[in-house]
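The structure appears below as structure tokens.
The values are calculated or read from the model by the stated rules, or taken from the named source; none is laboratory data. In this text, all values refer to a predicted model and were calculated from it rather than measured experimentally. What goes into the accessible areas is simple: the full protein's heavy atoms, side chains included, and nothing from ligands, DNA or RNA. Shrake-Rupley method; radii C 1.70, N 1.55, O 1.52, S 1.80 Å.
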Amino acid sequence: NSDADDALKDAGATLELMYKLYEFGYTDFKPNIISYNRMMMAHANRGDAAKVESIIEKLKNKSSEEGNEYLRPDEYSYTTLINAHANSLDTDARKKAEMVLKGMKDLYESGDTYVEPNIF
């Protein structure tokens, strides 16, 4: 549906604009992981795991390179990626979802308490 596609593009552009405004000192526009998780959920509901994964990668880079802990992917981010795989038509969706869960476990065991898997 092109209206839904346009809405997702607009939402992504809005988040990027908010981030740029925040970088310029407008602290009221500070996007956080919750804002991005909502965006990822919209993509996950459409089964667009690649887009969710690209957003997570972008957030990981922003949080580590720029020290923006408020953009660090969390348990909800990765669970959303698992949901995106579940909603996709990819024949390897189950395998990919399991890999995300294993990655979460590995991150948690290496000290990243933001991504503690809640079910094993």
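List the aspartates and glutamates whose Cα lies under 16 Å from the Cα of K102, skipping any in the same chain that are fewer than 8 positions away. In chain and number order, the partners are E53, D74, E75, D92, D112, E116. Here K9 is the anchor, and the lysines within straight C-alpha reach of less than 28 Å, apart from those fewer than 8 places off in the same chain, are K20, K30, K51, K58, K60, K62, K96. Counting Cα-Cα pairs of the chain in 5 Å increments starting at 0 gives whole-percent bin shares of 2, 12, 20, 23, 19, 13, 8, 3, 1, 0. For segment 26-102, the relative contact order is 34 percent, taking Cα pairs closer than 8 Å that sit 6 or more residues apart in sequence and dividing their mean separation by the residue count.
Scaled against the 2.2 N^0.38 Å expected of a compact globular protein of N residues, the Cα radius of gyration of segment 62-118 reads 1.21.
Surface composition of the chain: carbon and sulfur atoms hold 52% of the protein heavy-atom accessible area at a 1.4 Å probe. Accessible surface calculations at 1.4 Å, restricted to protein heavy atoms, place segment 66-109 at 60 Å² per residue.
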